[in-house]
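The values are calculated or read from the model by the stated rules, or taken from the named source; none is laboratory data. All figures in this text were calculated on a predicted structure; none of them were measured in a lab. We place every Cβ from the backbone using ideal geometry, glycine too, and count neighbours over all the protein chains shown.
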Amino acid sequence: MTYDVITRARRTTRRRVTAFCVASAAVAFAVAAAAVAFAVAAAAVACAGPKGPAASPLGPVVQVRPESATDGRAVLPDDLDWADVAGVPVPVSPQSGPRITSEGQARGFADDPGGAVLAAVHIVVRVNPQVGPAVFDPTLRTQVIGADAAAMRVQVAQAYDELRGQAGVADGQPVGRLNATLLGYRILSYTDDEVVLRLLTEAADVSGSSLMVSTEVSVRWTGSDWALLAPAGGTFDQAVTVVLDPYTAMFLPFSAGG
């Protein structure tokens, strides 16, 4: 995930809003149509059937391994603190990790739900082109796995070249700050080997408007640490969902013991 997901989410939503307005031929009610389109895209809930609960607008109910004591939640440890990575405050924990943070890297996460959540956050932030190749190159090479890992390396490198060209930054240097805020997380599924979760992020787009989006992220236990499973095609474009205020309650906050 690069933190231009805010712009991408707005662009995707704008296309949905346009289609809705054309279909209804109600140009005078464009604002109302936009609100309806947002609600349909981000908050449509299927009715409960006789044999199961209603579907969540942001994914299935949490599934945890039977021996888990989290009761459907990835409980972060009580020793949580914060560190700055390219302008983004990220949670850190002596108990859950990362234990190694030399040279801009973040490795050594606990084999538990809290460790998986923290690994997802740290790896996702460090594969942004803004952090520079000294950080994203080794992160992509050693902490991103899966069939689309190579495509992700290409995507990030291309994005970095474009950004540094626009900013007039020398090759190899970081490009600006991310200026985003991590608000919460929601685990979709959890097993011994793989965790799928959504990260709730808030940031401002180029117009200065604030928008909240969630991005689906998968991490996999490699036997010694958690690694990011590269998204389809090497980008998180298809994994981003706009989140309206009523649905932020579905996420757990990044707080000690949260």
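Points worth noting:
- Matching entry among 165, 234, 223, 176 (being at positive phi and out of contact with any helix residue (DSSP H, G or I) (no Cβ under 6 Å at 6 or more places or on another chain)): 223
- Filter result for residue 208 (at pLDDT 95 or above and surrounded by fewer than 18 Cβ atoms within 10 Å (Cβ to Cβ)): no
For every residue, the table says whether it meets (1) of a type in the set (Val, Ile, Thr); (2) in contact with a Gly (Cβ under 7 Å, 6 or more places away or on another chain).
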{"site": "158", "(1), (2)": "no, no"}
{"site": "191", "(1), (2)": "yes, no"}
{"site": "196", "(1), (2)": "yes, no"}
{"site": "210", "(1), (2)": "no, no"}
{"site": "217", "(1), (2)": "yes, no"}
{"site": "224", "(1), (2)": "no, no"}
{"site": "230", "(1), (2)": "no, yes"}
{"site": "246", "(1), (2)": "no, no"}
{"site": "251", "(1), (2)": "no, yes"}
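- Selection from region 147-175 of residues that are surrounded by fewer than 16 Cβ atoms within 10 Å (Cβ to Cβ) and not aliphatic (A, V, I, L, M): 158, 161, 162, 165, 166, 168, 171, 172, 173
- Scan region 164-178 for residues that are over 23 Å from the mean Cα position of the chain (by Cα) and either of a type in the set (D, E, K, R) or assigned to a loop (DSSP other than H, G, I, E, B) (or both) and the total you get is 7.
- Residue list for region 90-143, filter: among the aromatic types (Phe, Trp, Tyr) and farther than 25 Å from residue 158 by Cα: 109
- Residue within region 242-249 that is modelled with pLDDT under 95, assigned to a strand (DSSP E or B) and touching a helix residue (DSSP H, G or I) at 6+ places or on another chain (Cβ under 7 Å) present: yes
- Note on region 115-162: among residues that are among the polar types (S, T, N, Q) and part of a helix (DSSP H, G or I), the one that is farthest from residue 219 (Cα to Cα) is 158.
- Restricting region 102-113 to residues that are surrounded by fewer than 24 Cβ atoms within 10 Å (Cβ to Cβ) and modelled with pLDDT of 95 or more, the residue that is nearest to residue 255 (Cα to Cα): 110
Yes/no per residue for (1) charged (D, E, K, R); (2) touching a residue at least 60 places away in the same chain (Cβ under 8 Å):
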position: 185; (1), (2): no, yes
position: 188; (1), (2): no, yes
position: 204; (1), (2): no, yes
position: 209; (1), (2): no, no
position: 212; (1), (2): no, no
position: 223; (1), (2): no, no
position: 237; (1), (2): yes, yes
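- Residue in region 124-135 that is touching a residue at least 12 places away in the same chain (Cβ under 8 Å), within 16 Å of the chain's Cα centre (by Cα), buried (at least 19 other Cβ atoms within 10 Å of the Cβ) and within 10 Å of residue 226 (Cβ to Cβ) present: no
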